[in-house]
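Shown next, in structure tokens, is the structure this report addresses.
The values are calculated or read from the model by the stated rules, or taken from the named source; none is laboratory data. Because the structure is a prediction, the values reported are computed rather than measured. A quick note on method: Cβ atoms are made from the backbone with ideal geometry, for glycine too, and the neighbour counts reach across all protein chains shown.
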């Protein structure tokens, strides 16, 4: 399979030796990670280890201090604002709190990129938004509501619809199940798997939720002290051979990772 | 900590903040002229920043005009100069009190509102979301607010001038025994276009300061509700100080 004219065997997105210092702390100390088209990578790790920062360096929201971000093999680490805006057409992101715009209705949120970046006529954009709402199983009667009128699960669905509406090549999920009950969380996981398969995109998710990681990942990587300390197929997570991974997977306070309290 | 460190660290911190705010202002100003423009957003901000500020500006102006007339009458009576009330009221309102008091009221209403709104967007990752949706936050969020403030503040001050003068007129005619027609004739005869232009120039400058400071502190806010609250407070305090400083600078540079 090839996406955007690139061979399927090369990584769609890669972090190469990415470093970032924030607030006097070396949050990322040389992250090397990549994901190919059609694959789903989940990054696990404790709170504050830099999982969100890793995603944001790829988006250019937080600039990397050193290393490279490559999209389709092209170094985009220092892309200017105009190039960055064009590059963002390849990305979709579901934020932890959904990050829907309070002042816009649900359908306007979903169609935001189509209306404001792609300059699509509003009627056409609304039709696309409604179609995408159906895909994420969000009933059309919520289209004219405002985000504050939706439950947490519905907000996640709306956020997911906004992320996929323009059929991105790379999808990011930041703690997609945080704050949701187990049933809603499982429904969101199912949707993520379905959408990634449907779009054939490269997906990178970050989570603490091992049930979610097992369900949506082809591969799992663990970030600890600013570096990827283990990476392997999702099926190998229970016999990783890494004391750090085992402690994290089993949620034990005792082990090489110190609990932050 | 030694004396140099006590003075040096805050000084460096302040200079860093001034530099960051200046760069933010320059980027915001440039975004106002770069495509794409968002006319719908500009129109929405004109309504929110301009139209919805009319009541507070109008009420401020009418009471200031009325109180000014009373004070000038009291002071003028000591020199048998009570007849100058209309002249001094119109001069004081158009050149100074109209723009400055409207600016200070708007620093509270608009600057705090912008800082709270944009600060909340920052801490809930809505600004990051804009970036991921191929939309430059400076063009979509900041530029429309800046354009709206710079365009509507002179109009608000023009309204404040008229209402302020009418406040003086009501007191002059109602309480101080002035003839209405004479009061208005003296007002119009004494007023020069330059007086009004000075006030409107100040208003545009204050609009720039208020919008930039509100957006700047909101854009940089972090740390949840506490951070947003701090951003709103800082926006009002810094806008207020900058308005008073800018008022002096513009007045002193204005050809007499």
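Selection over the stretch B:220-256 of residues that are in a loop (DSSP other than H, G, I, E, B) and either closer than 23 Å to residue B:95 by Cα or in contact with a strand residue (DSSP E or B) (Cβ under 6 Å, 6 or more places away or on another chain) (or both) gives a count of 3. If the condition is being modelled with pLDDT of 85 or more, more than 13 Å from residue A:214 (Cβ to Cβ) and either exposed (fewer than 15 other Cβ atoms within 10 Å of the Cβ) or under 16 Å from the mean Cα position of the chain (by Cα) (or both), then the stretch A:179-189 contributes A:181, A:182, A:183, A:188.
Any idea how many residues of the stretch A:199-211 are under 20 Å from residue A:92 (Cβ atoms) and either touching a strand residue (DSSP E or B) at 6+ places or on another chain (Cβ under 6 Å) or in contact (Cβ under 8 Å) with a residue 40 or more places away in the chain (or both)? Final tally of qualifying residues: 8.
Table: residues versus (1) more than 10 Å from every other protein chain (Cβ to nearest Cβ); (2) under 21 Å from residue A:160 (Cα atoms); (3) in contact (Cβ under 8 Å) with a residue 12 or more places away in the chain.
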| position | (1), (2), (3) |
| --- | --- |
| A:23 | yes, no, no |
| A:26 | yes, no, yes |
| A:33 | yes, no, yes |
| A:43 | yes, yes, yes |
| A:53 | yes, yes, yes |
| A:57 | yes, yes, yes |
| A:82 | no, no, no |
| A:86 | no, yes, no |
| A:96 | no, yes, yes |
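In the set B:170, B:141, B:156, B:198, only one residue is modelled with pLDDT of 95 or more, surrounded by 24 or more Cβ atoms within 10 Å (Cβ to Cβ), more than 14 Å from chain A (Cβ to nearest Cβ) and out of contact with any strand residue (DSSP E or B) (no Cβ under 9 Å at 6 or more places or on another chain); that residue is B:156.
For the stretch A:106-122, filtering for residues that are closer than 18 Å to residue B:117 by Cβ, more than 7 Å from every other protein chain (Cβ to nearest Cβ) and out of contact with any helix residue (DSSP H, G or I) (no Cβ under 6 Å at 6 or more places or on another chain) leaves 1. All conditions in (1) in a helix (DSSP H, G or I); (2) more than 19 Å from the chain's Cα centre (by Cα); (3) surrounded by fewer than 20 Cβ atoms within 10 Å (Cβ to Cβ) hold for residue B:68, with the sole exception of (3). Here B:131, B:135 are screened, and the one residue that is under 26 Å from residue A:120 (Cα atoms), within 14 Å of chain A (Cβ to nearest Cβ) and in a loop (DSSP other than H, G, I, E, B) is B:135. The residue that is surrounded by the fewest Cβ atoms within 10 Å (Cβ to Cβ), counting only those in the stretch B:105-136 that are over 20 Å from residue B:230 (Cβ atoms) and touching a residue at least 40 places away in the same chain (Cβ under 8 Å), is B:105. Is it true that residue A:139 is at the interface with another protein chain (Cβ under 10 Å from one of its Cβ atoms) and at pLDDT below 95? Spelling it out, it is not the case that residue A:139 is at the interface with another protein chain (Cβ under 10 Å from one of its Cβ atoms) and at pLDDT below 95.
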